[in-house]
Each structure stands twice: as structure tokens, then as C-alpha cells.
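Peer 1: My structure is below; once you've seen it, I'll send some questions.
No lab work stands behind these numbers, since they all come straight from the coordinates. All of these numbers come straight from a predicted model, not from anything done at the bench. A quick note on method: Cβ atoms are made from the backbone with ideal geometry, for glycine too, and the neighbour counts reach across all protein chains shown.
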């Protein structure tokens, strides 16, 4: 139950970031570290991904493939930065990840 609350908080924050931004520009790539999945269970990965898909799908302007690419990107970035799921994450970092992943997934510099 505690993990579900953490996921909900994280997904809500990311969703707000995605849909509240007016202009997105390509930023310098976030330094990616090798993904350390050792502390993320398959269930946690799936829960994050499924929640992301559900939240991101509310915007009808993105294709299913773009949404999946975005969610894969954000999941990989989260797993790179945090060894385990958390609701206590760096909001500025999350905003940059969201913007970069959205740009990578859609090629768009602005919310459609």
C-alpha cells in the first residue's frame, strides 16, 4: 500500500509537469548513469510504467507509441537516479527529465 502511494505521488507530479508546461526546448542531455535495477522489482517497474501510461494517456495529442516511449524514458531515468522507488525525489530534476523525455518521445518542443 505504501508503494502505491509513492507511485501515485510521483506520477501525479510528473503528469502535472507534462501538462502544465507551455514551451519545451531541447535541453542538455541529463547525464545518464548505468541503470541499477537491482532494487527495483519487476512489479515496481510495471506499476510505475502502467501508472505513467494511464496518466499520460489523458492527452489525446500523443500517439500510443509516443506515450510508451515517454514512460520508458522516465522509468529508466528514475531507476538510474534512485536505487528504489521513492516519492521523495528532486522536483527540479524530475521536471528536466519530463521535458527531455517528452521531447525525445515526440520530437515536439511544445505541449500539443
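Peer 1: Residue 54 versus residue 39, label points 7 Å from Cα toward the beta carbon: distance in nm?
Peer 2: Going from the residue 54 label point to the residue 39 one covers 2.5 nm.
Peer 1: Take residue 68, project a point 7 Å from its Cα along the Cβ direction, then tell me which residues of segment 74-104 have their backbone nitrogen under 19 Å from it.
Peer 2: Under cut-off, by backbone N: 74-77, 101-104.
Peer 1: Figure the gain on full extension for residue 46 and residue 104 (residue separation times 0.36 nm, minus the Cα-Cα span) and round it to one decimal in nm.
Peer 2: So the extension gain works out to 18.8 nm.
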